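The values are calculated or read from the model by the stated rules, or taken from the named source; none is laboratory data. Worth saying up front: this structure is predicted, and the values here are computed from it rather than measured. Cβ placement follows ideal geometry from the backbone for every residue including glycine, while neighbour counts extend to all protein chains displayed.
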C-alpha cells in the first residue's frame, strides 16, 4: 500500500516541485498549440491525465515482465493503445472539441511527459504509487495549462473560457474586457505562449525564493542557494 | 577604463553624452516629420518619453537598481523616440505606450537592463506591435491630409473617430500593392511618375524625413558616436540587392535610391544597426551584420507580407551577433588568429 508521507511527496512533486510545465519544461509542443484558451488546455490535460494514469498502472503492473532492452517500444505500444481509446472517446463524445484539438490528441503518444513518467516512475514503482504519480503529474500540467490558457485568451481577446459551450452546451464564455478591446494578438501566437510561460516560471521561482528566504530568516541561517531556474 | 594601458587619450564618452547626441541627431528627421505630418509626432514623442521613463523607473525599482543614475542616462528616451518614430504618427496613445513598455520592460530590463539586451528594444516593440495590431500599425496618414492640432490630438487620445483618410499606405506598401494588382501590366517607372504618393526620388514627403535621418546620422558619424561600417554595410546590402534586381528588371523592381529613402531604411541604418549593445562590435562583424541586415530587410519588404522589413531583419541579425563576433574577433596585437 501507500504511506501518507509517500502520497504527499508524490502529490507535491506533481503539483509543484516537479511540475511538468514549469520545472521539467516538458511537452512544450501541445502547450504552445492548445493553450490559446483555458478550455482547450484543460481538456487536453484531462486526456493526458487519463492516459498517464492508466499507462502508469499498466507499466507498473507489467514492469517485471517487460524486458529491459525493449522497454521503450513496449511503453510506446501501451501508451499508443490508450491514446487511441481516448482519441475515439473524444471524437464520439466531444466532437467539436476534438476538431479543435485536432492532431494534439493523437500526439499524446509522443508527449515526453507520458513517456518520462512511465520510464522514470512507473517502471520502478508499484502500481498504486504509479497511478497517483500519473494523476498528480497530469493535474500539475492541468493547472499550468489552464492558467496559461486563461492568461493568453484574456490578453488576446478579453475573454475567459472561450469554447466552453463545446464541453458544456449551456454555458457561455465570459467577456471580461470591453467588446472594443483590440486584442493583443501576440498573446495568441506561439511567441506569446513562450513569453507568458517564461513569466510563469519566473513567478514560481520568485515564490520559492521568497519562501526560502522566510524559512532561513526564521532559522537565522545563511540564505540557501537560489532554486534551480531551469533544466536543459 | 582602469585596465587600459598608456598612452592615454582622453575621450569624454559617458552613456548620457552619447545618448544626448543621438537624440540631437534625430532632430532633423523629426523636423521634417513635423513639416510633413504636423505636430502629432511631437505628442507621440512626449507620450513615448513619459511611458519609457515610467517603465524604466518601475523596472529599476523592482530590480533594486539606482533610480536616478539610469533614469537620467537618456537610453530610455532614445528607445522611446525610436519607437515613436517607427510607429504610425496617428496611432492611438495606448499603442505607443504598449510598444514603449514592451521595449523597456520586456526587451531591455527582463534581459538585464542597459547593455545586456541581445535585441534592439525599439525593433522588438515594432515587431511585437505589428504582429499584435497589424491593422493599426499600417494606418499611415494619407498625404494631403491636413488636420488641425486639436484634431490630431483628439485622434491620438482616442476622443475623435479614426477617419478613413488616415489609413493611407506607405510608399513601399503602395508600390507593392500596385504591382500585385497590376499583375505585370503596370511598370514601376510609370507608377513612380504618376501616382501621387511618390515624390522626387522616393515617397512624397517621406523622402525628406529620410534625408533628415541621413543628415543626423552623418553628424553622429562625424562626432564619432557611431562608426561607418554598420550603416555603410546596411546601405550597401540594401542597395546591392535592390540594384541587381533593378538592373535585371527595371519594370518590376524599384531602383535602389527609392528603397534607401523609403520606409525605415535610413533610420535603421544610422540609429538601429549602430546600436552598440545589440549590434556586432568588431570591425568585420559590423560589416557582415549591416550588410546582411540590409539585404534581409530588402527581401522582407519586397517579397514578404509586411510593409517594411527593417525591424525583422535587424532582430534576425541580432540573433547572429554572438556568432559573428566570435568569428570576427580581431587578433591580439602581434599575434595571429588560430585557424
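Against the conditions (1) free of Cβ contacts under 8 Å to residues at least 60 places away in the same chain; (2) away from chain B (no Cβ under 14 Å); (3) surrounded by 15 or more Cβ atoms within 10 Å (Cβ to Cβ), residue A:131 satisfies every one except (1). How many of the residues in segment B:181-210 are surrounded by fewer than 17 Cβ atoms within 10 Å (Cβ to Cβ) and not in a loop (DSSP other than H, G, I, E, B)? Of the residues in that region, 6 qualify. Counting only helices (runs of 4 or more DSSP H) wholly contained in segment A:76-163, the ones carrying 2 or more residues that are under 14 Å from the mean Cα position of the chain (by Cα) and within 24 Å of residue A:14 (Cα to Cα) occupy A:112-117, A:127-157. Among the residues making up segment B:132-158, those that are within 14 Å of chain A (Cβ to nearest Cβ) and either outside any helix (DSSP H, G or I) or buried (at least 17 other Cβ atoms within 10 Å of the Cβ) (or both) are B:132, B:133, B:136, B:137, B:138, B:139, B:158.
For segment B:256-267, the condition of being over 21 Å from residue B:221 (Cβ atoms) and exposed (fewer than 15 other Cβ atoms within 10 Å of the Cβ) holds for none of the residues.
For every residue, the table says whether it meets (1) over 18 Å from residue A:111 (Cα atoms); (2) at pLDDT below 90.
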| residue | (1), (2) |
| --- | --- |
| A:25 | no, yes |
| A:61 | yes, no |
| A:65 | yes, no |
| A:71 | no, no |
| A:74 | no, no |
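With respect to being buried (at least 22 other Cβ atoms within 10 Å of the Cβ) and farther than 12 Å from residue B:270 by Cβ, residue B:230 falls outside the description.
Summed over segment A:164-193, the residues that are within 24 Å of the chain's Cα centre (by Cα), part of a loop (DSSP other than H, G, I, E, B) and more than 14 Å from every other protein chain (Cβ to nearest Cβ) give a count of 3. All of (1) away from chain A (no Cβ under 12 Å); (2) under 17 Å from residue B:271 (Cα atoms); (3) crowded, with 24+ Cβ neighbours inside 10 Å hold for residue B:77 with one exception: (3).
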